[in-house]
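K.L.:
Here it is, the structure, as structure tokens.
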Amino acid sequence: MVKIINIADPHVDATSVGTWDQDKGMHSNWVESFARLNDVVDAANEQKADFLVVDGDLFDTGKPTAEAVGLTVDAFRRLDNTKVILLDGNHDQQGVVASHRTPIAAYFSSLPGIYAVSTPQVLEVDGMKFALAPWLRVAGKSKIKNISDELKAVIERLSEEVGSGPSMFAGHLVVDECTFDNGMENRGSEIGMATTLLEAHIPTALLDEGNWAFARLGHIHKRQQLSEKTGYAGSIYKVSFGEYRDKKGYDIITLEDSNKYTLEFGALDVRNLIK
């Protein structure tokens, strides 16, 4: 049996919502984001989780400050026996030029017990297989179909490589059926991500057909289960006002030896945003 705590989109160094907190000596968004990250660490310790999987966008920028990196490292060091799996999201890659390392690779790949992944691969740790699909960059509207085809090929390759045994898929990507909230109270506030933004996308069915036991995704901040096997964890706090109605938290996943899994939602006490 394997126990996993799964989160997505911490955006720990974001300053999108809030102001300077004089008492804490940092931006109020940092107070919120790092408090929630430490809540997740506490949950991993309480659950005696084998793994903490972060489905991308650990940082809000590809060039986080030394203070942001230090606070993140301090949080992960509080884990008792839980290993950490990190993968790049689109925000982690912002400002990263060409093949230069992202902050995930630069600051975490050498730390014990942390596995930082910037390229699609199957990673095996303690007999558990992780099929990992970090964000694939899109270079202009004309390239979307090409990148979507490339993403599809990546998923199919990972499914073949993961083979049998206990496994999960973790990715930072868009599936056709996912939605996000535009923050309006009126009918029709749920918007299809794939048809709205300039982003590559794949059908949920492609992930459902994979050889992994289940698939958890990042990038869409709204928590949503798209099928019995595939869903978005959602962000761990309200990163923007468009999320003011959303519940936030983390996944508690128990994977049996038979590759059957159970999924529970661990709610976090997050700040209220009023729109």
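The values are calculated or read from the model by the stated rules, or taken from the named source; none is laboratory data. None of the values given here were measured: they were computed from a predicted structure. Note: ideal-geometry Cβ built from the backbone for every residue, glycine included; neighbour counts use all protein chains shown. Surface areas here come from the heavy atoms of the whole protein model, side chains and all, with no ligands, DNA or RNA. Shrake-Rupley method; radii C 1.70, N 1.55, O 1.52, S 1.80 Å.
K.L.:
Of the residues that make up the stretch 35-57, is at least one surrounded by fewer than 18 Cβ atoms within 10 Å (Cβ to Cβ), without any contact (Cβ under 8 Å) to a residue 12 or more places away in the chain and farther than 22 Å from residue 272 by Cα?
P.N.:
yes
K.L.:
Give me a count of the residues in the stretch 110-140 that are part of a loop (DSSP other than H, G, I, E, B) and under 19 Å from the mean Cα position of the chain (by Cα).
P.N.:
Step one: list which residues in the stretch 110-140 are part of a loop (DSSP other than H, G, I, E, B), which gives 110-113, 118-120, 126-127, 134-140.
Adding the requirement that they be under 19 Å from the mean Cα position of the chain (by Cα) leaves 113, 118-120, 134-138.
Qualifying residue count for the region: 9.
K.L.:
Another question about this same structure. Is it the case, given these coordinates, that residue 181 is modelled with pLDDT under 85, of a type in the set (Asp, Glu) and surrounded by fewer than 21 Cβ atoms within 10 Å (Cβ to Cβ)?
P.N.:
On the way: modelled with pLDDT under 85: yes; of a type in the set (Asp, Glu): yes; surrounded by fewer than 21 Cβ atoms within 10 Å (Cβ to Cβ): yes.
When the stated conditions are applied, residue 181 passes them.
K.L.:
Mind checking which residues of the stretch 211-225 are open to solvent by less than 10 Å² (accessible area, probe 1.4 Å) and either out of contact with any helix residue (DSSP H, G or I) (no Cβ under 7 Å at 6 or more places or on another chain) or part of a loop (DSSP other than H, G, I, E, B) (or both)? Lay out the reasoning, then the answer.
P.N.:
Of the stretch 211-225, the ones open to solvent by less than 10 Å² (accessible area, probe 1.4 Å) are 212, 214-218, 220.
Within the stretch 211-225, 212, 214, 216, 217, 218, 220 meet the criteria.
K.L.:
Can I ask one more? Looking only at the stretch 240-259, which residues are within 20 Å of residue 39 (Cα to Cα) and assigned to a strand (DSSP E or B)?
P.N.:
249, 250, 251, 252, 253, 254
K.L.:
Also, quick follow-up: Only one of (1) modelled with pLDDT of 90 or more; (2) at positive phi fails for residue 111. Which number is that?
P.N.:
Failing condition for residue 111: (2).
Listed here are the residues, each with its yes/no results for (1) aliphatic (A, V, I, L, M); (2) touching a Gly at 6+ places or on another chain (Cβ under 6 Å); (3) closer than 29 Å to residue 207 by Cβ.
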| position | (1), (2), (3) |
| --- | --- |
| 68 | yes, no, no |
| 71 | yes, no, no |
| 80 | no, no, no |
| 89 | no, yes, yes |
| 122 | yes, no, yes |
| 126 | no, no, yes |
| 130 | no, no, yes |
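K.L.:
Among the listed residues 18, 95, identify the single one that is in contact with a Lys or Arg (Cβ under 8 Å, 6 or more places away or on another chain), at pLDDT below 95, open to solvent by 40 Å² or more (accessible area, probe 1.4 Å) and not basic (Lys, Arg).
P.N.:
Values: 18 fails: in contact with a Lys or Arg (Cβ under 8 Å, 6 or more places away or on another chain).
Exactly one residue qualifies, and that residue is 95.
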